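The values are calculated or read from the model by the stated rules, or taken from the named source; none is laboratory data. Keep in mind that this is a model prediction, so the values were computed, not measured. Neighbour counts run over all protein chains shown; Cβ positions are idealised from the backbone, glycine included. Surface areas here come from the heavy atoms of the whole protein model, side chains and all, with no ligands, DNA or RNA. Shrake-Rupley method; radii C 1.70, N 1.55, O 1.52, S 1.80 Å.
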Amino acid sequence: MEHKLYTVLIIDDHPLITSAYKSAFNYIEKQNDSLSFDIEEAHDCDSALEKIMHFSSQNKNPDIILLDISLPSSKDGYILSGEDLGLKINELMPSTRIIVSTTFNDNYRVHSLFKNLNPDGFLVKNDINPMGLVAAINTVLTDPPYYSKTVIKLLRNEVASDFIVDAIDRKLLYELSIGTMMKDLPELLQLSLPALEKRKRHLKQIFDAVSPYDKELLQKAKEKGFI
């Protein structure tokens, strides 16, 4: 039987979660002599982006990437979270299979991640256990997708068809959260001020923020995991 070596990239800033992933891969190896895993790790957006760009430049893309959504933003503010890394992975490595993991179990957040990333696997971290990880990895490698139980429950709940928070929206929320003034955003986001104001109004509708000030919007966006 031909031996298959899979290249794996784990992107997560929690050592316990990273260790759990590696244990799952080790277990799968022990159960199947015909496959093994070459595992690399990244623990923040900057190091993850560096590895992604290196893989892409070498035209040796990982077979599977485990991607934590709740990562601190990159030092230059270009990559705001694991979601931006996922967009970059889909752009540069469309054949790579992505398992997304997040602590957020908000219906809107989960649906937004599906619309933006369409991952091959989706785990809510509270659902994670050793055999669940093994099942997720095996399914994504052989017959994706795999969704943990909380994700399946959330997917059964409908959300508005026009609901989506894209990369520009998230950048807008991020800049507002660090105190950037609206008048300074057109240069940063390459959109006109009226277009950005329209986006902000739309975000307030999405998050049901009725206050004329931004504090309520930012608080609700943070609670749902968008900043």
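To keep it simple, each residue is scored yes or no on (1) open to solvent by 40 Å² or more (accessible area, probe 1.4 Å); (2) over 25 Å from Leu218 (Cβ atoms).
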site	(1), (2)
Lys125	no, no
Asn129	yes, yes
Asp166	yes, no
Asp169	no, no
Ser177	yes, no
Leu191	yes, no
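Considering the stretch 131-140, the residues that are β-branched (Val, Ile, Thr) and in contact (Cβ under 8 Å) with a residue 40 or more places away in the chain include one that is surrounded by the most Cβ atoms within 10 Å (Cβ to Cβ), namely Ile137. One residue stands out in the stretch 1-17 among those that are β-branched (Val, Ile, Thr) and modelled with pLDDT of 95 or more: the one that is farthest from Asp63 (Cα to Cα), namely Ile11.
Whether a residue is at pLDDT below 90, in contact with a Phe, Trp or Tyr (Cβ under 7 Å, 6 or more places away or on another chain) and more than 30 Å from Ile28 (Cβ to Cβ) was assessed, and Arg201 does not pass this test.
Within the stretch 43-60, not a single residue is under 20 Å from Ala136 (Cα atoms) and either in contact with a Phe, Trp or Tyr (Cβ under 6 Å, 6 or more places away or on another chain) or acidic (Asp, Glu) (or both). Of the strands (runs of 3 or more DSSP E) that lie entirely inside the stretch 1-109, those containing 3 or more residues that are in contact with a strand residue (DSSP E or B) (Cβ under 8 Å, 6 or more places away or on another chain) and open to solvent by 20 Å² or more (accessible area, probe 1.4 Å) span 4-11, 35-42.
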